[in-house]
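Novice: Quick one: this structure, given as C-alpha cells, is what I'll be asking you about.
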Amino acid sequence: MTGFTTRCSRRLAEILGPIAQIVAFVFALTCAGVSSAQEARFGYAAVQPADDSYVLEADVLFDLSDQLEDAVQRGVPLYLVVEVEITRDRWYWLDERMVRRKRTYRLTYHPLTRSYQLAEDGNQQSFDTLEEALAPLRKIRGWVIIPRKKLAPGTSYDAAIRFRLDTSRLPKPFQVTALASSEWTLDTDWLQWTFLATARPIP
C-alpha cells in the first residue's frame, strides 16, 4: 500500500511540476517590488489624405512595466492592439460608422538568437533590442484606413483611436494576475478628434 501511495505521489508531482512553476513565476511577478510603468497615452494622432486613401499617423507614448518585460524575456508573447474608427455625426439618428480598423501586433523574444520578434498580419520583423522592437508601435505612419472616395469632401468626420494590451490572449495564469495588478495593464483612453475630408487635387 505504501509503495502504491509513493508511486501516486511521484506521478502527481510530475504532472503538477510545470503548473507549479508557472504559478510560482506569476506569483513572483505579482509580488515583486518594482516601479510602475508610465500610463500609456497619445502624443499625436491625425488622419491624413494620401493619393486615393486616408492614412493614420500616431505617436503612442508608453513603456512596458518590469513585469511585462520580464514575461516577454521568459517566453510569454504579448499581443498589442491599435484600434481606429471614423464616424459621421447625424443629428437625426445614430452616428454613421464609416470604418473601423484594428491591428494586432505579437511581440516575442527568442532566447536562442537573443532577438525580439514583432509580427503583424503575416509580416514579421526581427530586432536586437526591446526598444527597437517597440519603435514601430510608438510611431505609426502610413496606415491606410479608408479609400478617399468613401468620405465626402467638405464634410466633417470624427476619428477615434486607442492602444491596448490584449490580456485575454495571455496564458490563463497571467490573465488572473492581470485582473489584480496594474503592472499588467497597458492601455490608453480613446482619443477623439474631428477632421475635414478634402477633395483630391486635380492633376
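Novice: Name the one entry in 97, 106 that is charged (D, E, K, R), assigned to a strand (DSSP E or B) and over 30 Å from residue 197 (Cβ atoms).
Specialist: Checking each option against the conditions leaves just 106.
Novice: Which number in (1) closer than 24 Å to residue 133 by Cα; (2) modelled with pLDDT of 50 or more marks the one condition that residue 29 misses?
Specialist: Of (1) closer than 24 Å to residue 133 by Cα; (2) modelled with pLDDT of 50 or more, only one is false for residue 29: (2).
Residues are listed down the side, and each one gets a yes or a no for (1) buried (at least 16 other Cβ atoms within 10 Å of the Cβ); (2) without any contact (Cβ under 8 Å) to a residue 12 or more places away in the chain:
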position: 108; (1), (2): yes, no
position: 112; (1), (2): no, yes
position: 128; (1), (2): no, no
position: 136; (1), (2): no, no
position: 139; (1), (2): no, no
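Novice: Can you tell me which of 67, 38, 21 is assigned to a helix (DSSP H, G or I), under 24 Å from the mean Cα position of the chain (by Cα) and at pLDDT below 95?
Specialist: 67
The values are calculated or read from the model by the stated rules, or taken from the named source; none is laboratory data. It should be emphasised that the depicted structure is a prediction, and the values quoted were computed from it without experimental measurement. Please note: Cβ atoms are built from the backbone with ideal geometry, for glycine as well, and neighbour counts cover all protein chains shown.
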